[in-house]
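Participant: Please read through the structure below; I'll follow up with questions.
Bear in mind these aren't lab numbers, they're just calculated from the coordinates by the rules spelled out. Please read these numbers as outputs of a predicted model, since none were measured by experiment. Heads up, the Cβs are rebuilt from the backbone with ideal geometry, glycines too, and the neighbour counts pull from every protein chain shown.
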Amino acid sequence: GGGVCLEAMAAGRPVIGLDLGGTTVHVGDTGVLVPAHTPGQATTDLADALRQLAADPALARRLGARARARAASFVWDDKVADLAECYWDVLARPRPVAAPSIDPNTNTVSVP
């Protein structure tokens, strides 16, 4: 969910990660986000990003400083309130009469 990224950012480290989910939201322009089109492409691009920051320590320091500032501006109370609101929304929905089932042969979901 991106929490580990916030920990690294709070320590002043630039994050290199996949441009997906919480990582994208938390890291933004404070690190290097790699698209995840295929496993091979993502692995190659992650390695390239590591080499880039290793070859340019000044860039790594600048990104790390931005990361620390961004992590410091993250307000946990807001995150908790957002999550609580999601749970209350789910609880307010009517319960389904029966749970969906998955056909193991076709991996299709049927909803009663």
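Participant: Please compute one quarter of the surface area of the Cα convex hull for the chain and express it in square nanometres.
Facilitator: Directional mean of the projected Cα hull area for the chain stands at 10.1 nm².
Participant: If you place +1 on the Cβ of every Lys and Arg, -1 on the Cβ of every Asp and Glu, and leave all else neutral, what size is the dipole of the chain about its Cα centre, to the nearest 20 Debye? Write down the numbers at each step before the final one.
Facilitator: On the way: 10 positive and 12 negative charges, 68 e Å.
In debye, rounded to 20, the chain gives about 320.
Participant: Please list, by residue number, every one of the trypsin sites (Lys or Arg not before Pro) in the range 41-89 that is coil in DSSP and has at most 14 other beta-carbon atoms within 10 Å.
Facilitator: none
Participant: Select from Asp48, Asp19, Asp77 the residue whose mean-square fluctuation is largest in a Gaussian network model of the chain (Cα-Cα springs shorter than 10 Å).
Facilitator: Residue with maximal mean-square fluctuation among Asp48, Asp19, Asp77: Asp77.
Participant: Which one, Leu91, Leu18, Leu50, has the greatest fluctuation when you compute a Gaussian network model over the chain with C-alpha springs under 10 angstrom?
Facilitator: Leu91
Participant: How high is the FRET efficiency between Glu7 and Leu59 when r is their beta carbon distance and R₀ equals 22 Å, given to the nearest 0.05?
Facilitator: 0.55
Participant: Of the candidates Asp78, Asp56, Asp89, which one comes out as most mobile in a Gaussian network treatment of the chain with C-alpha springs shorter than 10 Å?
Facilitator: Of Asp78, Asp56, Asp89, the Gaussian network model singles out Asp89 as fluctuating most.
Participant: Then there's this: How much mean residue ellipticity at 222 nm does the chain get from its helices, if each DSSP H run of length 4 or more adds -39500 (n - 2.57) and you divide by all residues, to the nearest 500 deg cm²/dmol?
Facilitator: Taken over the chain, the calculation gives -18500 deg cm²/dmol.
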